[in-house]
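To start, the structure under review is shown below, and the notes come after it.
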Amino acid sequence: MDRKKIAILDGQGGGFGRRLAENLILEKVDSDLIVVGTNAVATSNMMKAGVKHGATGENAWIYNCEKVDIIIGPIGILIENSMYGEISQQMSSAVMNSNAEKVILPISNDHIYLVGVGDKKLSEYIEEMVELVIQIIN
């Protein structure tokens with residue numbers, strides 16, 4: 001079986017992406033992991049988790065959405081103009097139109113309120129996301 005390709009997508013400072021990458025690496029998830037940031041700061045921060053592959057910007061985002069099996073990120077990656085305008089229409093469309101499985105962090109932001117989602121700590125959501133990724137891979 002081929003190793004699954006996973007893209008962690010994040011913007012702004014890349015803090016969520018970094019914590020998620022650290023947890024996937026710690027759990028020794030058998031995959032090819034790439035981090036893609038909307039900006040160089042986000043990508044650089046995510047790379048500090050020990051990820052071997054990283055890319056930055058709209059073109060890298062769109063390109064990698066077409067190439068991976070699993071996309072992971074905060075809900076803002078689905079919403080045009082979220083993350084204070086960092087997510088373009090083309091970027092959100094690339095995520096939504098990708099055939100990849102999507103594992104999304106349900107955090108309210110940018111005037112988007114999620115009803116029915118528990119009030120959990122980020123670390124709890126990350127644990128759940130890692131477990132779900134492992135289930136998808138297996």
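The values are calculated or read from the model by the stated rules, or taken from the named source; none is laboratory data. Computed from a predicted model, the values in this text were never measured in an experiment. Cβ placement follows ideal geometry from the backbone for every residue including glycine, while neighbour counts extend to all protein chains displayed.
Determine, yes or no, whether residue 63 is of a type in the set (Ser, Thr, Tyr), without any contact (Cβ under 8 Å) to a residue 12 or more places away in the chain and farther than 18 Å from residue 136 by Cβ. Walk me through how you get there before you give the answer.
On the way: of a type in the set (Ser, Thr, Tyr): yes; without any contact (Cβ under 8 Å) to a residue 12 or more places away in the chain: yes; farther than 18 Å from residue 136 by Cβ: yes.
It is true that residue 63 is of a type in the set (Ser, Thr, Tyr), without any contact (Cβ under 8 Å) to a residue 12 or more places away in the chain and farther than 18 Å from residue 136 by Cβ.
Here's the yes/no breakdown for (1) under 13 Å from the mean Cα position of the chain (by Cα); (2) modelled with pLDDT under 95:
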position: 1; (1), (2): no, yes
position: 10; (1), (2): yes, no
position: 22; (1), (2): yes, no
position: 31; (1), (2): no, yes
position: 39; (1), (2): no, no
position: 44; (1), (2): no, no
position: 49; (1), (2): no, no
position: 53; (1), (2): no, no
position: 59; (1), (2): no, no
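Testing residue 63 on (1) surrounded by fewer than 21 Cβ atoms within 10 Å (Cβ to Cβ); (2) within 21 Å of residue 121 (Cβ to Cβ); (3) aromatic (Phe, Trp, Tyr), one condition comes back false. Which one is that?
Of (1) surrounded by fewer than 21 Cβ atoms within 10 Å (Cβ to Cβ); (2) within 21 Å of residue 121 (Cβ to Cβ); (3) aromatic (Phe, Trp, Tyr), only one is false for residue 63: (2).
Quick check on this structure: which one of 86, 101 is surrounded by 13 or more Cβ atoms within 10 Å (Cβ to Cβ), over 20 Å from residue 42 (Cβ atoms) and among the acidic types (Asp, Glu)?
Numbers: 86 fails: over 20 Å from residue 42 (Cβ atoms).
Going through 86, 101 in turn, just one is surrounded by 13 or more Cβ atoms within 10 Å (Cβ to Cβ), over 20 Å from residue 42 (Cβ atoms) and among the acidic types (Asp, Glu): 101.
Condition check: touching a strand residue (DSSP E or B) at 6+ places or on another chain (Cβ under 7 Å), under 21 Å from residue 114 (Cα atoms), without any contact (Cβ under 8 Å) to a residue 40 or more places away in the chain and not acidic (Asp, Glu). Does residue 79 satisfy that?
On the way: touching a strand residue (DSSP E or B) at 6+ places or on another chain (Cβ under 7 Å): yes; under 21 Å from residue 114 (Cα atoms): yes; without any contact (Cβ under 8 Å) to a residue 40 or more places away in the chain: yes; not acidic (Asp, Glu): yes.
Yes: the conditions hold for residue 79.
Filter the stretch 14-41 down to the residues that are closer than 22 Å to residue 128 by Cβ and of a type in the set (Gly, Ala, Ser), then identify the one that is surrounded by the most Cβ atoms within 10 Å (Cβ to Cβ).
Result: 17.
Can you tell me which residue within the stretch 1-50, out of those that are of a type in the set (Val, Ile, Thr) and in contact (Cβ under 8 Å) with a residue 40 or more places away in the chain, is farthest from residue 73 (Cα to Cα)?
Let us first name the residues in the stretch 1-50 that are of a type in the set (Val, Ile, Thr), namely 6, 8, 25, 29, 34-36, 38, 41, 43.
Restricting the remaining residues to those that are in contact (Cβ under 8 Å) with a residue 40 or more places away in the chain gives 6, 8, 29, 38.
Working: 6: 11, 8: 6, 29: 17, 38: 12 Å.
Filtering the stretch 1-50 for residues that are of a type in the set (Val, Ile, Thr) and in contact (Cβ under 8 Å) with a residue 40 or more places away in the chain, the one farthest from residue 73 (Cα to Cα) comes out as 29.
Considering each of 117, 35 in turn, give the residue that is among the β-branched types (Val, Ile, Thr) and touching a His at 6+ places or on another chain (Cβ under 8 Å). First the steps, then the outcome.
On the way: 117 fails: touching a His at 6+ places or on another chain (Cβ under 8 Å).
Selected residue: 35, the only one of 117, 35 that is among the β-branched types (Val, Ile, Thr) and touching a His at 6+ places or on another chain (Cβ under 8 Å).
Which residue pairs have Cβ atoms under 6 Å apart, sit 6 or more places apart or on different chains, and have a first residue in the stretch 122-135 that is more than 13 Å from residue 6 (Cβ to Cβ) and a second that is of a type in the set (A, V, I, L, M) and in a helix (DSSP H, G or I)?
Cβ pairs passing all conditions: 126/20.
Looking only at the stretch 101-126, count how many residues are over 15 Å from residue 75 (Cβ atoms) and touching a helix residue (DSSP H, G or I) at 6+ places or on another chain (Cβ under 7 Å).
Going through the stretch 101-126 one residue at a time, the tally reaches 1.
Does residue 51 meet the test of being of a type in the set (A, V, I, L, M, F, W, C), buried (at least 16 other Cβ atoms within 10 Å of the Cβ) and not in a loop (DSSP other than H, G, I, E, B)?
So residue 51 fails the test.
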